[in-house]
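Remarks on the structure that follows.
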Amino acid sequence: MLRVLITASGTGTGFGYAQAKARWFSGITLYTGDTNPSEHVTASLFAEQHFQLPASTASDYFEKLRDLLQEWMIDSYIPLIDNEVVQAAALRETLPARVACNSLEFCEFATAKSRYIEWVDVDGVVAPRNLKRIDLRNNERVVAKQDCGFGGRATRIVDDVDTAVSLMKNGWSLYPYIEGDEFTVDCFPLDGHVLTSIRQRLEVKSGVCTKTRIVHDGTLVALASHLQQHFALTDPFCFQTRKAYGLHYLIDINPRLGAGTAMSALNGMDFFAAHLAQLSGQSPLEFLRPRFSECVVTRQYSEYLMSALP
């Protein structure tokens, strides 16, 4: 019986894995880990055991994680916070479980957003240029990002020069704000190729995509294939672009799946289940069979009672 630990399991991505396990894999024993206790982590409902862990940036985090992996005889460990993914990739030879992420080279590249412009080499795709102080104008929006940031925590949109300069002095990189449709591409490397699901964001509320159109785009498929071949990728990942002026601007690469990846499953592309199948030694193709060439998927929230007193 395969034993899988998912850390940062309180994220939407963690819940996506937990749902896939509950739906399809009775032979997998799931363990969840997070900085929050079990009653604050919905994914723990599907776990054999939940572990409350320190932040992955803590100096003793991986020492404690190593002990936990040994004690509970974990077979596979799936990290979900970008900074932790990078550290786990670096330590994979020293950890007593399979680290289910891509190579350190790719993870470092994906999280170094300020360096995308050095790597992009696909027709129809460019990376936004890094702005300097001289480029800034008041009332002109720019995007500020931190390398190794994830979600919306390390991204800000500002239109005030003083704020932008302050962020720049504190290690943020600045880019032009690009008006245009945003796309997220879920990617699953398999046998030297990559299977994709391309999601065009139709509506976003508080940073969460609530309506998406799943489409085909040859340029984005080519970019996914370029990344897979250049880095010899083995585990799923996703990336985002904005399309403007006939070009796709590469704005983010995640070295793991995202919370919105669950929306692809409605079209037969269940990347969470496919990854668990791969870790179990099964063919992931059973879970990667698109139903439609194009469709619209919407998202609503569900409620879970986690604890109660009489």
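Throughout, read-outs are computed from the coordinates displayed, never taken from laboratory work. Since this is a predicted model, take the numbers as computed values, not measurements. Virtual Cβ from ideal backbone geometry, glycine too; neighbours counted across all protein chains shown.
Listed values, structure above:
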read-out: Phi to ³J(HN,Hα) by Karplus 6.51 cos²θ - 1.76 cosθ + 1.60 over the range 118-126, Hz, x for Gly, Pro; value: 7, 10, 5, 8, 9, 4, x, 10, 9
read-out: The chain: calculated mean residue ellipticity at 222 nm from DSSP helix runs of at least 4, using -39500 (n - 2.57); value: -7000 deg cm²/dmol
read-out: Within the chain, longest stretch clear of exposed GluC sites (Glu not before Pro) (DSSP loop, no more than 13 other Cβ within 10 Å); value: 180-293
read-out: Shape of the range 266-310, Cα gyration tensor, a/c cut at 1.5; value: oblate
read-out: Dipole magnitude of the chain about its Cα centre (Cβ charges: Lys, Arg +1; Asp, Glu -1), debye to nearest 20; value: 540
read-out: Over the range 2-101: Kirkwood hydrodynamic radius from C-alpha pairwise inverse distances, Å; value: 13.2
read-out: Alpha-carbon Rg/Rh ratio, for the chain, with Rh computed the Kirkwood way; value: 0.96
read-out: Integer Hz, Karplus 6.51/-1.76/1.60 couplings in order for the range 91-103, x for Gly and Pro; value: 9, 4, 6, 9, 9, x, 8, 5, 8, 8, 8, 6, 5
read-out: Beta bridge orientation in the chain: antiparallel %, DSSP, nearest 5; value: 70
read-out: Of ILE28, ALA90, ALA273, farthest towards positive along the dipole that unit charges on Lys, Arg, Asp, Glu beta carbons give the chain; value: ALA273
read-out: Among SER38, TRP72, VAL215 - extreme Cα towards positive end, dipole of the chain, charges at beta-carbon; value: VAL215
read-out: Trypsin sites (Lys or Arg not before Pro) within the range 230-300: DSSP coil, no more than 15 neighbouring Cβ in 10 Å; value: ARG291
read-out: Highest-fluctuation residue, ALA18, ALA112, ALA43 considered, GNM on the chain with Cα pairs under 10 Å; value: ALA112
read-out: Using alpha-carbon coordinates, inclination of helix 61-71 to the longest axis of the chain, degrees; value: 30
read-out: Cβ charges +1 (Lys, Arg) and -1 (Asp, Glu), total dipole of the range 2-101, debye; value: 340
read-out: Simple Cβ-charge dipole of the range 109-247, Lys/Arg +1 and Asp/Glu -1, about Cα centre, in debye nearest 20; value: 440
read-out: Whole-number percent relative contact order across the chain, with pairs defined as alpha carbons under 8 Å at least 6 apart; value: 17
read-out: For the chain, built as a Gaussian network whose Cα springs stay under 10 Å, the top-fluctuating residue of ILE198, ILE117, ILE81; value: ILE117
read-out: Gaussian network model of the chain, springs between alpha carbon atoms under 10 Å - residue of SER206, SER103, SER38 with greatest fluctuation; value: SER206
read-out: Spatially proximal lysines relative to LYS132 (Cα-Cα < 20 Å; intrachain offsets below 8 disregarded); value: LYS113, LYS145, LYS169
read-out: At most 13 other Cβ within 10 Å, DSSP loop - chymotrypsin sites (Phe, Trp or Tyr not before Pro), the range 244-310; value: TYR245, PHE292, TYR301, TYR304
